[in-house]
Each structure stands twice: as C-alpha cells, then as structure tokens.
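**Q** Please see the structure below; I have some questions.
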Amino acid sequence: MLALSLGPASAQSGAGRFFDDFSDADLAGLQAAGWTARTAPGHPGVPGAQWGESQLRLLDDPAQKGNRLLRLVAETDGTGPGTRQAQLCQQRKFFEGTYAARIRFSDAPVQGADGDPVIQTFYAVAPLRHDFDPQFSEIDWEYLPNGGWGSEKTRLYGISWQTVRIEPWLAYNGSHEEMGALGASDAAWHVLLMQVAGGRVRLFLDGRQVAEHGGRNYPVVPMSINFNQWFSPGGLLPAGGPARRYEQDVDWVFHARNEVLSPAQVEAAVAAYRRQGRGREDTVPAAQPALDSRCDF
C-alpha cells in the first residue's frame, strides 16, 4: 500500500471493502445489495426527461464468457418528454480511500444519428442542499463524446468539487480535461480510479495519473457511488426521425475504505475476487447516523 495518510476531516476509522461485479440475474439482486435506480425527475440533464429502471440492464459480456455487465441506456428524440436517462446509486457511506471502476464508453449511438451531447459518468457525490452548500462533496469522471459544457470537443473530465449553484450556473471546482475519443469499439474499456486521502484527490486513467486536486476541492462528508448517462441540455439534435440510443457498460466497481491503493493493487484485488468466484463484497459500514441515500442528485 502507498504511504499516504488520511486527512483530519475523516470521521471514519478502520478499513472496509466494496466490490460489485454486476453478476446478478436481474435488477432485484442489485436492489438487495443497496443499489437504487433513479426514478425522480430533475437535474442533471434535459428538462422534462424521464429516469427509470427500464434504462438499466444486466447482460452477458459478449467478449468474456461467464462475465456479466451493467448497461445504462440513454435515449432521446430531441424533446424533453421523449428523453430517457439512466442513473444507478449505491448507499451514501463512502468517503476517503480508493474508488475505481471499469467502464466501456460509447462514441456513437447504437441507434439513430450521432451528435447529441451525451454525458457518461462514474462519480461519488453528497447532495447539494442549497446554493453553495459548504458540505456539498463530489468527485467525478464525465466522458463527453460529442462535447457539452460549452465546448464541442470530445474529452474526459476529471473533477473535484468545492460547491456549486445550479441556476444560474456558478461552480467552484478543480478540473482536468483528457482530450480525445475513448469510446472506439476496439479500445472502449477503461479503468477510472480516484485516490482520496490527506486532503488530495488523485485521478488515474488506465493506470496513469492525470490530475491532482486539493485545498477546498476535497470532499467533507460521506458520499454515494453513482453511474449515470444523460444528455446536456440545450444541444440536442432537432426533434424528428428515429430516437437516438446510447449505451454505457460497467464491468465492475471497487472501493477500499481508508486505503490508498495503486491502480495495480486495485487490478490485483479485482482479479482475486474473480479467481475466488466472488461477485460481491461489502464490508464498508453504514454511516452513523444514517444518511439520505435517495437517487436524485
């Protein structure tokens, strides 16, 4: 393990591991393991868009026999009511330590014309209770194959947040942009990793450190682990014609509580779970007192 200490902001002690290989037969297994599919309307995404369980799938991995995948499906016909977005949330109990996930991004839709500003993500977050909430905490990865956030460039964002006001938008954060396409069919799988310790957030893409944030851009309260796929408002292709459908797949997700693990150590831990035939572990204790884990922020 790397010799990095946890910061004084930590209210937790001891270790714990969280791992999910998404090997369940159906969504009921995910729900029993603490996952929640978002159904509530609202930010982020297109005004009037719908969220629901129907946008989440569990399926066999066509490239690896015996492996299963989580799939998030986002669809739009260019209108708010005709837009469906996907989000899956774990309990709000994760703070310092190491986060990682293996994700397949998509550069183009599997149906319909290309060009909608879709955003494919992996992140940890605590709710924004009000504008510029000082306890707001978020660390996230956002892949924008068709641009968004005021730019048409294809890129991967790595962001550590201090706080934000949604409307009108004003954000305080540290960000990194990794330029270029990551969702090509022959190289679409990527491991995203975040080390959160000692007042610093270190971001790794496929084993390579790409950014480090700190100071005020550091989480201060426990967060939930999330995946979502949504459309940036204001840039959808015109309505009409076949709906466009984008897919984002997740192979596995991992968290080591209060431990700073290298990318190689995380890969070794995941390989060990698979050798042992263990599709899930959760020894991360629930937050005390319990925290709101709703899936609508």
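The values are calculated or read from the model by the stated rules, or taken from the named source; none is laboratory data. The model shown is predicted, which means the values in this text are computed figures rather than measured ones. Here the Cβ is made from the backbone with ideal geometry for all residues, glycine too, and neighbour counts use every protein chain on show. All accessible areas refer to the heavy atoms of the entire protein, side chains included, with ligands and DNA or RNA removed. Shrake-Rupley method; radii C 1.70, N 1.55, O 1.52, S 1.80 Å.
**Q** Hey, could you check the range 93-117 for residues that are surrounded by fewer than 24 Cβ atoms within 10 Å (Cβ to Cβ) and basic (Lys, Arg) and say which is farthest from ALA15 (Cα to Cα)?
**A** Filtering the range 93-117 for residues that are surrounded by fewer than 24 Cβ atoms within 10 Å (Cβ to Cβ) and basic (Lys, Arg), the one farthest from ALA15 (Cα to Cα) comes out as ARG104.
**Q** Given ALA63, ALA49, which one is within 20 Å of the chain's Cα centre (by Cα) and small (Gly, Ala, Ser)?
**A** ALA49
**Q** Take GLN120 and tell me if it is touching a residue at least 24 places away in the same chain (Cβ under 8 Å), open to solvent by less than 20 Å² (accessible area, probe 1.4 Å), in a strand (DSSP E or B) and more than 18 Å from VAL201 (Cβ to Cβ).
**A** yes
**Q** Could I ask something else about it? Within the range 132-176, work out how many residues are in contact with a Pro (Cβ under 7 Å, 6 or more places away or on another chain) and either loosely packed, with under 14 Cβ neighbours inside 10 Å or polar (S, T, N, Q) (or both).
**A** 4
Results for (1) assigned to a loop (DSSP other than H, G, I, E, B); (2) at positive phi; (3) among the hydrophobic types (A, V, I, L, M, F, W, C), shown as yes or no for each residue.
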position: HIS43; (1), (2), (3): yes, no, no
position: SER54; (1), (2), (3): no, no, no
position: LEU72; (1), (2), (3): no, no, yes
position: GLY80; (1), (2), (3): yes, no, no
position: ASP116; (1), (2), (3): yes, no, no
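**Q** Being out of contact with any Leu (no Cβ under 7 Å at 6 or more places or on another chain), under 19 Å from ASP20 (Cβ atoms) and either open to solvent by 40 Å² or more (accessible area, probe 1.4 Å) or not in a strand (DSSP E or B) (or both) narrows it down to one of ALA287, ALA256, ALA187, so name that one.
**A** Just one listed residue meets the conditions, ALA287.
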